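The values are calculated or read from the model by the stated rules, or taken from the named source; none is laboratory data. All of these numbers come straight from a predicted model, not from anything done at the bench. So basically every Cβ, Gly included, is an ideal-geometry build from the backbone, and we count neighbours across all protein chains shown. The area values use the complete protein model at the heavy-atom level, side chains included, leaving out ligands, DNA and RNA. Shrake-Rupley method; radii C 1.70, N 1.55, O 1.52, S 1.80 Å.
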Amino acid sequence: MHIVEKKIKISDVDLVELFGIQESHLQLIENKFDTVITVRGDTVVLRGEPIEVKKIETIIQELIFTLQRTGRLTMTDVSMIIDLVEGGRTGAQPTMGPDDLDSVILWGKREVIRARTPNQMAYYRSVQKNDLVFCIGPAGTGKTFLAVAMAVSALRANEVSRIILSRPAVEAGESLGFLPGDIAEKVDPYLRPLLDALADMVSADKLKAMLERRIVEIVPLAYMRGRTLNNSFIILDEAQNSSKMQMKMFLTRLGQNSKAIVTGDVTQVDLQRRSDSGLLDVTTLFNNIDGIDFIEFGKADVVRHRLVADIIAAYERQGIQREEAGDSGPNGRESA
């Protein structure tokens, strides 16, 4: 991928009016593209693919022209100019019909990310309507990947100002204290799947800038205590490994103008006692609460290798046989 750097010197306009309060106008532009935008005094530095850099240069020129003509810029003005220059990415859409477009969650950097099964479509629609959605299902059904795509889409649309991604640091009974390295090295194996999902949607340079500016935060669940997350899109992944108290702590972090998705697989609990799982607890606790919804995925929603669905089915058969025999539960530790 060819990357270029372009410097644009700004003159004869009020920089605060042009860039917006706390650079909100530039943030709106950056959310629409993978190009990294940096301000150094009266100079804007663009770093990205040549086509995007050229589009953003045109957008900035149009913003300057509008500001000089009217004396002010609004977020609506900025959005309108972006749409006029970007054209809604229509060049990528001609082969898609109305039904196809309805299922599109995000125009990724390499491909269109869309709901591919009826349950995935229900998941997408539920997140649009509700502030808190629990998505429960087996591996390979797109629970986490689609959640991250929806978060990136909301950020690009300026519906939220940041994305918070979290996971409990519990895997196969290990503890952070016994793992080698500093805290970043300790938590990296747990949070790597979330970074991998983001890397499929955002360029490496853009992702690095978003992480440095804390537009995207990836934190272990234990480090969420005491925070209030306003104007955020929050995802808790592998929630079956959160305790009941951790789940309560996480859910009460939700602030104004925020959404949360909680994903997990109740057949893969790595806690010592399956009954301690916070995800299992909420399935009966939050029935019939307006603004909270539950989506369940099954084998038909698996979008990985064709063998994944067969593997899941085999484990389900084994679980049924164990239950009939009075043996241990699905996680192989104790009966549910």
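Given H placed 1.01 Å from N in the peptide plane, which residues other than close sequence neighbours of residue 218 have an amide H under 5 Å from its amide H?
Long-range HN contacts for residue 218: 165.
How much length is gained on full extension from residue 40 to residue 315, taking 0.36 nm per residue of separation minus their Cα-Cα distance?
Working it through step by step, the gained length comes to 93.4 nm.
On a 29 Å Cα-Cα criterion, which of the cross-link pairs 129/248; 55/208; 54/129; 32/259; 7/208 come out too long?
Result: 54/129 exceed 29 Å.
If the cut-off is 22 Å between C-alpha atoms, which lysines fall inside it for residue 299, apart from same-chain ones fewer than 8 positions away?
Partners within reach: 143.
With a Förster radius of 22 Å, plug the Cβ-Cβ distance of residue 65 and residue 24 into 1/(1 + (r/R0)^6) and report the FRET value to the nearest 0.05. Before the final figure, lay out the partial values.
On the way: r = 19 Å, r/R0 = 0.88.
That pair, residue 65 with residue 24, gives E of 0.70.
Let's test the formula: R0 of 45 Å, r as the Cβ-Cβ distance of residue 102 and residue 223. What FRET efficiency results, to the nearest 0.05?
Here the calculated transfer efficiency is 0.75.
How much space per residue, in cubic angstrom, does the convex hull of the C-alpha atoms of the range 204-270 take up?
Output value, Cα hull per residue: 104 Å³.
Residues of the range 251-297: accessible area per residue at 1.4 Å, in Å²?
On a per-residue basis, the range 251-297 sits at 53 Å².
At 7 Å along Cα-to-Cβ for each site, give me the label-to-label distance between residue 84 and residue 322 in nm.
6.3 nm
Which ³J(HN,Hα) values in Hz, rounded to whole numbers, follow from the phi angles of the range 274-283 under the Karplus curve 6.51 cos²θ - 1.76 cosθ + 1.60, where θ = phi - 60° and Gly and Pro get x?
My calculation for the range 274-283 gives 4, 5, 7, 5, x, 5, 4, 5, 6, 4 Hz in order.
Assign unit charges at the C-beta atoms only (+1 for Lys and Arg, -1 for Asp and Glu), then state the dipole size of the range 100-163 relative to its Cα centre in Debye, rounded to the nearest 20.
I would put it at about 160 debye.
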